[in-house]
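Here's the structure, in structure tokens; my notes come after.
Any read-out appearing in this document is the output of simple, stated calculations on the displayed coordinates, not a laboratory observation. Small disclaimer: the values here were computed from a predicted structure and weren't measured. So basically every Cβ, Gly included, is an ideal-geometry build from the backbone, and we count neighbours across all protein chains shown.
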Amino acid sequence: MTWQEFITKIESGLFGERFSDIELANKIGIRRETIYYLREGKSIKPQAATIRQIENTFNIKIINDKSGVTFNQIKLPELEQPKDLLYPVYNQMSMLKVRAEEYLPSLSFCSVESFWLNIITISYGNLIKSGDKILIDPKREIYNHDLVIVKLITGSEMIRKIYNLDPNRIMLYIEDCSENPLIIDKNEIEIMYRIIRIFKPI
């Protein structure tokens, strides 16, 4: 199928959820115009970075060749207990730079430096609360609207979604707007990692 057909099918519920142009653009983290041009056939093929963002959003591997656009669904394993993953578990943000090469990840898309982090004093709405664990892969790229854990050079720690305003500034925000967004310079960040998975104890 063409990219025009592919985007139309995604918006129509190909992956279980229907989207408008703006909803799909926000979910992927790209401009609304990009979605519009693809859906209307005014753009034949998106940039490589856009394709990666679509793949990461819907857990798919896109194949784009002369025959058109196809994709394979990446089946992610159900995570029952962190101990089954053979990742280390850290308790403090100050430990995030510790390497853990002796641990072998059981998820093919995670690097050998992946680890779980216990959430003790910070939270993110009802999604992440004290007592939960989050899976971090320091090698994963961070895109607009990804959920990240951040430590500022002031010592403040938080879980927020990210949006790049320009090459030097970012906005950290909560999706439900329960708190005002925080706009900071990138040089104010000591540590920032994308959150891959969330584990909630039974």
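Distance from the alpha carbon centroid of the stretch 15-49 to that of the stretch 166-198 works out to 23 angstrom. Between Thr2 and Ile120, the contour length at 0.36 nm per residue exceeds the alpha carbon distance by 37.8 nm. Model label points for Glu141 and Lys129, set 7 angstrom from Cα along the Cα-to-Cβ axis, are 3.6 nm apart. The packing ranking of peptides 13-22, 131-140, highest mean first, is 131-140, 13-22, where packing means the average number of other beta carbon atoms within 10 angstrom of each residue.
Across the cross-link table entries Lys61/Lys139; Lys45/Lys151; Lys139/Lys186; Lys45/Lys161, which are compared at the Cα atoms, the separations over 26 Å belong to Lys45/Lys151; Lys45/Lys161. Pull out the extension gain between Lys186 and Arg32, defined as 0.36 nm times the separation in residues minus the alpha carbon to alpha carbon distance; nm, one decimal. So the extension gain works out to 52.9 nm. Computed over neighbours whose Cβ is under 10 Å from that of Leu147, the net charge equals +1, Lys and Arg +1, Asp and Glu -1. If the chain linking Cys177 and Ser20 were pulled fully straight, counting 0.36 nm for each residue of separation and taking away their Cα-Cα distance, it would gain 54.4 nm. If a spin label sat at a point 7 angstrom from the Cα of Lys61 along the line to its beta carbon, the backbone N atoms of the stretch 139-169 nearer than 19 Å would be those of 140-141.
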